[in-house]
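Written out below as structure tokens is the structure these notes cover.
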Amino acid sequence: MSRAFNFCAGPATLPEAVLKQAETELLDWRGTGMSVMEMSHRSDEFVSIAETAEKDLRELAGISDDYAVLFMQGGASSQFATIPLNLLGENAEADYVSTGIWSKKAIAEAKRFGNVNVAASSEDSGFTTIPDQSSWATNPDAAYLHYTPNETIGGLEYDFVPESGAVPLVADMSSTILSRPLDVSKYGLIYAGAQKNIGPSGLVVVIVRKDLLGKARKETPTMMNYQVIADNGSMYNTPATYSWYLAGLVFKWLKEQGGLQAMGEMNARKASKLYGFIDDNDFYANPIDPRFRSWMNVPFTLADDALNGEFLQGANARGLLNLAGHRSVGGMRASLYNAMPEAGVDALIEYMTEFAKERG
Ligand SMILES: *Cc1c(COP(=O)(O)O)cnc(C)c1O
């Protein structure tokens with residue numbers, strides 16, 4: 001068996017050690033004679049798996065008891081509606097910052113439920129930069145301020161946490177959560193689809209300050225009501241048990257790697273190596289304002305688009321997979337999440353060097 005380097009933006013590569021542990025435990029979880037997939041979510045065994053996962057995540061990210069941690073379903077996209085239903089009162093307004101395709105999707109969905117103020121946008125630049133916060137037209141009475149710390153498709157990432165004063169800060173951290181240390185206390189709500197840095201797709205982790213619970217509109221579907229989910233330990237209905245278990249294995253693995261500090265150092269090294277190479281090589285280019293280049297998703301173009309197919313074919317043949325850019329932007333994109341080892345970046349750079357020499 002050989003494992004390729006998988007640069008997919010999501011579902012993304014998982015730590016090999018985690019997959020191996022899941023393999024070992026697949027048929028018989030710790031002498032129970034059952035797979036985790038086959039366990040009642042109310043069983044002592046599964047409840048211990050679920051509680052351990054939450055405890056490890058709280059330790060990793062420094063999440064205090066002021067916050068509830070919810071393991072929900074429907075991916076990050078379902079949160080685009082869940083957030084306004086819970087936090088945006090009937091006549092209130094919410095601030096959103098538009099920095100790319102994911103924030104635009106969040107904005108479009110929120111508009112279905114109430115007043116949205118787009119406080120700032122970098123669309124004019126083709127979403128290649130983050131507008132300076134001094135230029136944001138925020139509403140001091142907004143129900144919340146929503147932003148997207150890392151735009152997965154564009155490869156654009158904030159290098160600061162917006163100041164929102166008394167307005168709760170809401171962050172779509174799908175593609176950057178756990179990639180470096182974070183200060184949860186600055187946020188009202190953090191959400192992240194699992195399939196980039198946490199585990200399998202479908203699961204979405206929500207970290208929400210408890211004083212924001214209990215404000216959902218009357219018509220909010222029960223399954224989307226944070227208070228209900230929190231009151232029931234994310235088991236109002238059958239949760240995504242196996243995904244929750246795998247997420248727990250990833251949290252353990254992250255702790256063994258030295259936690260978020262160590263991850264941040266490794267991720268900074270990987271990103272700076274690849275961007276450094278792209279900048280030094282005339283054959284490749286990245287369009288993003290260097291200050292706001294994503295550590296997690298590195299888009300790049302070749303000097304000649306006609307060579308894209310050949311580039312991807314050669315990459316596949318070497319076990320460097322899923323380097324095609326998002327269908328909406330083209331070019332290439334290498335996603336370098338936590339589970340991508342530095343050796344993967346080295347192998348990619350080696351291939352890019354050779355390709356540019358031969359075809360450049
Ligand atoms: C992947 C992604 C999403 C969508 O996640 P789904 O789980 O597919 O709904 C939303 N926001 C960001 C920033 C993402 O990277």
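Return the single residue from Asn297, Asn316, Asn225 with maximal mean-square fluctuation; model: Gaussian network over the chain, springs between Cα atoms under 10 Å.
Asn316
Counting alpha carbon pairs within less than 8 Å and at least 6 residues apart, what relative contact order, in whole percent, applies to segment 259-359?
Relative contact order here is 28 percent.
Determine the relative contact order of the chain: mean sequence separation of Cα pairs under 8 Å and six or more apart, normalised by residue count, in whole percent.
23 percent
Applying the Karplus parametrisation 6.51 cos²θ - 1.76 cosθ + 1.60 with θ = phi - 60° to the phi angles of segment 59-64, what ³J(HN,Hα) value in whole Hz is obtained for each residue in order, glycine and proline being reported as x?
5, 4, 9, x, 8, 7
For segment 299-318, list residues with backbone N below 17 Å from a point placed 7 Å from the Cα of Ala285 toward its Cβ?
Residues 299-308 qualify, since their backbone N sits under 17 Å from the label point.
Give the residue from Val97, Met235, Gly258 lying farthest towards the positive end of the charge dipole for the chain; charges sit on Cβ (+1 for Lys and Arg, -1 for Asp and Glu) and the dipole is referred to the Cα centre.
Met235
Under the √(5λ) rule applied to the eigenvalues of the Cα gyration tensor, what semi-axes describe the equivalent ellipsoid of segment 259-359? Give them in Å, descending.
22, 15, 13
Quick one: Karplus J couplings for segment 253-267, per residue in order, coefficients 6.51, -1.76, 1.60, θ = phi - 60°, nearest Hz, x for Gly and Pro?
So the J values, rounded to whole Hz, are 4, 4, 5, 5, 6, x, x, 6, 4, 5, 4, x, 5, 5, 5.
With labels modelled as points extended 7 Å from the Cα through the Cβ direction, what inter-label distance (nm, one decimal) is found for Met37 paired with Lys186?
4.1 nm
Give the residue list of trypsin sites (Lys or Arg not before Pro) in segment 272-342 that are DSSP loop and have at most 13 other beta-carbon atoms within 10 angstrom.
Qualifying residues, ordered by number: Arg327.
Express in whole angstrom the spacing between the alpha-carbon centres of segment 99-124 and segment 294-360.
30 Å
Carbon and sulfur together cover what percent of the accessible area of segment 182-335 at a 1.4 Å probe radius?
49 percent
Based on the Cα coordinates of segment 73-230, what is the per residue volume of their convex hull in Å³?
Per-residue hull volume (Cα only) is 106 Å³.
Please report, in cubic angstrom per residue, the volume enclosed by the convex hull of the alpha-carbon atoms of the chain.
Per-residue hull volume (Cα only) is 133 Å³.
If I stretch the segment between Asn117 and Glu354 completely, what's the gain in nm (0.36 nm per residue apart, minus their alpha carbon distance), one decimal?
Difference between extended and current length: 80.5 nm.
Enter the accessible area per residue of the chain (Å², integer; probe 1.4 Å; all protein chains in place).
Dividing the accessible area of the chain by its residue count gives 43 Å².
Using 1/(1 + (r/R0)^6) with R0 = 35 angstrom and r between the beta carbons of His326 and Asp44, what's the FRET efficiency to the nearest 0.05?
0.20
Which longest run of the chain has no exposed loop site in it, a site being GluC sites (Glu not before Pro) in a DSSP loop with at most 15 other beta carbons within 10 Å, and the site itself not part of the run?
Maximal segment without exposed cleavage sites: 220-360.
The values are calculated or read from the model by the stated rules, or taken from the named source; none is laboratory data. For clarity, every value in this text was computed on a predicted model and none was experimentally measured. Neighbour counts are summed over all protein chains in view; Cβ atoms, including those assigned to glycine, are modelled from backbone coordinates with ideal geometry. Accessible surface areas use protein heavy atoms only, side chains included; no ligands, DNA or RNA. Shrake-Rupley method; radii C 1.70, N 1.55, O 1.52, S 1.80 Å.
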